[in-house]
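What follows is one structure encoded as structure tokens, with my remarks underneath.
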Amino acid sequence: MNKKFRFQWGAFLMFLLYGGLFFLLLSRFVFIQYTGTAEGQELSTKAENKYSREQTLQASRGKIIDRNGEIIAQDTLSYKMIAVISPSASNNSSVQRHVTDTAKTAKVLANYIDMTEQEIISLLDKNIKAEKYQVEFGKSGRDINNQLMEEIKSNKLPGIIFIEDLKRLYPNGQFASHLIGFALKEEKEDGTAEPVGKMGLEYIYDEELTGTPGKVEFKSDTKGFLLPNAEKMVTKAQDGLDIQLTLDKTIQNFLEESMNKVQDKYEPEKITAVVADPKTGKILAMSQRPTFEPNTREGLSTNWLNEVTEQTIEPGSTFKVFTLASAIEEEVWAPNARFKSGSYTIYDRTIRDHNVVGWGNITYLEGFQRSSNVSMAYLLNQIGEETFNEYIKLFGFGQKTGIDLPNEASGIIADSGPVERITTTFGQGTTVTPIQMVQGMTAIANEGKMMQPYIIEQIVNPNTNEVVENHKPTEKKSPISKETAQQVKEILESTITSEIGTAKKFKLNGYTSAGKTGTAQIAKPGGGYYWGRNDFLYSFIGMAPVEDPQLIVYIMVHRPNLEPTESGSETTSEIFNSVTERSLKYLNIEPENTELAKPIKMPNVIGENIIESQSKLEAEGLKTVVIGQSDKVEEQYPVANVSTISNSTVFIKGQGDIQLPNFKGWSKRNIMLYKSLSKLPIEIVGEGFVTEQSLTGGSIVTADTPIVVKLATPDVVTNMETSKEESLTDLPQD
């Protein structure tokens with residue numbers, strides 16, 4: 001029996017509906033597969049946005065180091081505090097991972113950071129209301145050290161977490177602070193913070209010191225976990241450039257300590273001091289008072305200027321050095337000729353000596369030794385005003401020295417009339433900077449060769465070890481001859497050795513010295529000058545040792561509080577004597593041999609037999625330290641043709657076993673030179689000179705041998721020896 005076919009409209013409609021939907025989905029799938037887009041958006045981009053993560057790799061700010069590689073400024077590990085405030089952070093967790101009690105949290109945190117309870121509560125509540133996930137505490141929550149972090153953690157506050165950060169550290173505290181300056185973190189628009197130089201070298205070289213952050217890009221799931229087999233793309237952080245200065249940390253510390261003592265004792269308005277190498281123009285130390293602590297900015301006043309380069313002063317009688325040099329170079333200096341001291345009248349103006357009445361008819365040599373203003377007036381007549389002005393310009397006054405620091409002042413040479421030209425001869429009216437005085441003095445100390453001062457040794461890229469900038473000594477046009485410089489040195493030495501000299505207080509123990517004192521009036525802001533023993537600028541510019549000067553030291557003390565029996569030289573001599581004696585010892589200039597020491601040009605012994613080279617150098621009167629006992633000389637220090645002094649220490653390096661020297665009495669500088677040449681892992685503890693070493697002299701050592709040397713300053717060593725002698729005196733005698 002045949003069945004009649006019945007068309008099912010319902011089934012047909014269902015087929016059309018679902019078939020059509022299937023066809024649409026299939027078409028959409030094919031379209032997406034082919035084009036990679038959906039709703040006008042790249043699907044790969046949406047996936048990347050959903051699953052890609054990026055982490056920033058911090059870059060360190062460049063280091064500032066001294067000439068021996070000692071750290072002056074660097075980044076160090078610190079922590080940033082964050083409060084997690086979203087309840088979602090505690091989902092699926094058995095412990096609370098977000099801030100649950102803002103009042104309690106604020107009460108605890110207010111004991112540790114620079115915010116009040118109410119400020120913390122307001123910050124937390126405001127961001128909780130805004131449904132933020134977490135909140136930072138701004139400046140108050142940054143630069144937290146490890147100890148403080150642990151103390152806060154001990155309170156076990158829910159939601160308070162810490163992440164690693166970098167902080168700028170100045171490990172030496174008050175150390176050339178107006179030169180080095182400081183950097184502070186500034187918040188950017190994205191809420192992150194990075195250090196920005198605000199003062200000194202940190203500000204001047206901010207761009208060079210600032211590094212470039214890196215990043216890590218990776219793919220993760222929605223919870224942030226790295227997906228299996230996912231690739232990571234790492235862009236390394238590029239640290240900022242390192243700046244190596246000509247400063248010597250040890251000499252700088254000697255200067256800082258001496259200035260602190262004078263500041264505490266005499267409470268002057270200001271002190272400025274510079275120590276330089278006359279042969280190269282390198283600045284070895286530079287400081288001023290008042291100063292400040294760069295880590296906290298404590299003590300930072302409204303004066304942010306570097307007084308050595310940016311501030312001008314009337315130098316007073318220290319300027320007579322250049323008047324004397326001009327007269328000798330012009331061959332008009334007659335040391336035994338006589339003049340009437342006391343006063344010198346020109347038009348309606350009378351120039352007087354500092355004791356008003358003078359010393360009668362005296363020689364020009366005695367006039368200089370007594371620091372007679374009148375003698376300078378007579379000398380100007382013999383030199384000639386125009387000629388004298390030319391010499392002053394040749395010595396670099398009235399123009400910038402070109403030191404590698406910004407905002408250098410030029411000073412003004414007073415040349416408006418005969419009176420001003422006379423007062424310039426003894427340092428009144430004309431203004432100069434301390435760095436100009438130092439530059440001019442290099443010509444006297446360096447056989448007539450005037451060296452441009454500089455403070456930057458080199459700038460190095462730590463990521464590649466490439467030297468980006470390398471500053472070298474720059475010799476300027478010589479204002480005087482070698483013979484004139486020698487004669488000026490001898491006369492300056494006589495101001496210290498002569499019974500009538502004004503600089504007798506600057507006589508050193510075991511070393512010869514030369515220099516000139518100064519007592520200058522200080523100009524009032526509204527015109528005129530301050531007057532009185534406590535209202536002068538006392539200064540001294542000197543060098544040592546006289547035979548072959550290794551140091552120039554310039555000191556200025558403004559308006560100290562002196563006792564009726566004290567002179568201004570008390571203040572400047574305390575700094576000069578202490579810094580110069582300690583620095584010369586540190587530089588291994590032997591006190592007992594200074595007067596016999598003669599300059600020696602360092603021979604070239606590279607490639608020569610090491611034993612023969614040792615004999616050759618010792619025959620020249622040099623002390624040798626041998627690193628490696630065999631084969632030929634591969635390195636030497638100092639390098640060939642550099643001027644050194646008889647009896648000074650030189651290093652030669654060969655191959656083979658290294659026999660450790662007896663380091664006792666060595667300066668820190670020589671220990672660091674030995675460490676650098678030998679590549680031995682020597683740990684240096686302390687400052688000054690070696691008193692102990694972990695391995696005895698003569699021990700054979702390798703690059704894996706740990707060696708520790710302990711140092712102490714000369715003052716500490718002397719006190720130790722004195723205490724030892726006193727304890728022996730107390731023992732019963734036979």
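The values are calculated or read from the model by the stated rules, or taken from the named source; none is laboratory data. None of the values given here were measured: they were computed from a predicted structure. Don't worry about glycine lacking a Cβ; one is built from the backbone with ideal geometry, like all the others, and counts go over all protein chains shown. The accessibility values were calculated without ligands, DNA or RNA, using every heavy atom of the protein model including side chains. Shrake-Rupley method; radii C 1.70, N 1.55, O 1.52, S 1.80 Å.
With all pairs of separate Cα atoms included, region 390-526 yields a Kirkwood hydrodynamic radius of 17.4 Å. With the simple model of a label 7 Å out from the Cα in the direction of the Cβ, I71 to L695 spans 2.6 nm.
As a rough guide to protection, the peptides 284-293, 457-466 ranked by mean Cβ packing within 10 Å, highest first, stand as 284-293, 457-466. Over 32 Å between Cα atoms: which of K63/K107; K188/K679; K623/K679; K126/K236; K279/K507 fall into that group? From the list (K63/K107; K188/K679; K623/K679; K126/K236; K279/K507), the Cα-Cα distance tops 32 Å for K63/K107; K188/K679; K126/K236.
Per residue, the solvent-accessible area of region 458-556 (1.4 Å probe, heavy atoms of protein chains only, all protein chains present) comes to 44 Å².
Counting only protein heavy atoms and a probe of 1.4 Å, the accessible surface of region 262-326 is 45% carbon and sulfur. For volume of the Cα convex hull per residue in Å³, the value computed from the atomic coordinates appears in the list (i) 131; (ii) 335; (iii) 298 under label (ii). Taking 4 °C and 1.567 mPa s as conditions, region 304-402 diffuses translationally at an estimated 88 µm²/s according to Stokes-Einstein applied to its Kirkwood radius (Cα pairs).
For region 273-400, a simple Cβ point-charge model (Lys and Arg +1, Asp and Glu -1, everything else neutral) yields a dipole of about 260 debye relative to the Cα centre.
Each residue, Y529 and E634, gets one label point 7 Å from its Cα in the Cβ direction; the gap between the two is 6.3 nm. Between the amide H of K476 and those of M450, M451, Q452, distances stay under 5 Å, these residues lying 5 or more places away or on another chain, with hydrogens modeled in the peptide plane.
Taking a straight line from the alpha carbon of K261, these aspartates and glutamates sit under 18 Å away, with near neighbours fewer than eight places off in the same chain left out: E269, E293, E563, E566, E570, E574, E581, D715. What region 564-654 shows is 45 Å² of accessible area per residue, with the surface traced by a 1.4 Å probe over protein heavy atoms.
Which shape class applies to region 94-201: rounded if a/c is under 1.5, otherwise prolate when a/b exceeds b/c and oblate if not, where a ≥ b ≥ c are the square roots of the Cα gyration tensor eigenvalues? Prolate.
Adding -39500 (n - 2.57) for every DSSP H run of four residues or longer, then dividing by how many residues the chain holds, sets the calculated 222 nm ellipticity at -9500 deg cm²/dmol. For the chain, the relative contact order works out to 10 percent when only alpha carbon pairs closer than 8 Å and six or more residues apart are counted. A Förster distance of 60 Å, applied to the separation of the beta-carbon atoms of K679 and E331, puts the FRET efficiency at 0.60. Most tightly packed first, judged by the mean number of other beta-carbon atoms within 10 Å of their residues, the peptides 116-127, 691-702 read 116-127, 691-702. Calculate the translational D of region 557-681 in whole µm² s⁻¹ from Stokes-Einstein, where the hydrodynamic radius comes from the Kirkwood formula applied to all Cα pairs, the temperature is 4 °C and the viscosity 1.567 mPa s. For these conditions, the coefficient is 77 µm²/s.
Label region 137-193 by shape, choosing from rounded, prolate and oblate, from the square roots a ≥ b ≥ c of the eigenvalues of the Cα gyration tensor; if a/c is under 1.5 it is rounded, and otherwise prolate applies when a/b is larger than b/c, oblate when it is not.
On the way: a/c = 3.78, a/b = 1.58, b/c = 2.39.
Cα axes put region 137-193 in the oblate bin.
Close lysine pairs were tallied over region 370-498: pairs 8 or more places apart or on different chains with Cα atoms under 13 Å apart number 6. Only the Cβ atoms of Lys and Arg (+1) and of Asp and Glu (-1) were treated as charged; on that basis the dipole of the chain about its Cα centre amounts to roughly 2800 debye. Rounded to the nearest 20, the size of the Cβ-charge dipole of region 59-110 about its Cα centre is 120 debye, with Lys and Arg at +1 and Asp and Glu at -1.
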